[in-house]
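Following: one structure in C-alpha cells, then a few remarks.
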Amino acid sequence: MGILGKRSPGRDRPPKRHSPLKALLLTAGTGFVLVAGIGMIGDRISRAHNAVVASTPAPATAAPASPSTGASAGVSPGASRIRALTDALRRIDPALGRKESVGRALASCRDLAEGTDRAEAGRRVRARFGGTVVTGPKKAERILSAIEKTLCTP
C-alpha cells in the first residue's frame with residue numbers, strides 16, 4: 001500500500017519482458033548500423049590514403065638517370081607504350097589498368113634507372129600500387145616486369 005493507503009497502479013504486474021525475437025532483431029539492427037558506420041569511415045580513410053599515395057613523388061636520389069632508359073629519363077611515353085602498359089597491368093589485375101598506374105609505373109622506371117636493387121624496387125611497387133590492389137611479392141614482381149618490358153625499354 002502506498003502512503004495514503006492506495007495502491008499505485010502497475011505494482012502488481014511483473015516486470016515487462018521482451019520476446020527473444022525482439023531482442024535478437026534489436027541486437028542485429030544495432031550491429032548492422034555499427035558495421036555500416038565503420039565501413040563508411042574505412043572507405044574515407046582508404047580514399048584519403050590513395051590520394052596521398054598518388055600525390056607522393058618517388059624518393060629522389062643523387063644518382064642521375066641514364067639517357068638510354070626511354071621513359072625513365074624524362075621522356076614522355078607514347079600512347080602505344082601507355083596502352084601496352086595498361087593492357088599488361090589489366091592482365092595481372094583489372095584494377096591496375098587505370099590512369100594513376102602510368103605515373104606509378106614511371107616512378108618504378110626511375111627506380112630501376114637509378115640502380116635500385118630488384119628487391120627494393122619490388123617493395124616500392126607494393127607501396128605504390130598497394131592502395132589499388134592487394135599486392136604480394138609475386139604480384140609485385142609481375143607488375144615490375146610488365147613495367148620494365150613496356151615503359152622502361154628504349
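What to note about this one:
- Hits in the stretch 69-89 (condition: at pLDDT 85 or above and either of a type in the set (Phe, Trp, Tyr) or more than 15 Å from residue 141 (Cα to Cα) (or both)): 80, 81, 82, 83, 84, 86, 87
- Residue match in the stretch 49-67 (condition: part of a helix (DSSP H, G or I), of a type in the set (A, V, I, L, M) and modelled with pLDDT of 80 or more): no
- Residue, least open to solvent (accessible area, probe 1.4 Å), within the stretch 93-141, restricted to residues that are modelled with pLDDT of 85 or more and of a type in the set (Val, Ile, Thr): 125
The values are calculated or read from the model by the stated rules, or taken from the named source; none is laboratory data. What you see is a predicted model; the values in this text were computed from it and never measured. With ligands, DNA and RNA removed, areas are computed over all heavy atoms of the protein, side chains included. Shrake-Rupley method; radii C 1.70, N 1.55, O 1.52, S 1.80 Å.
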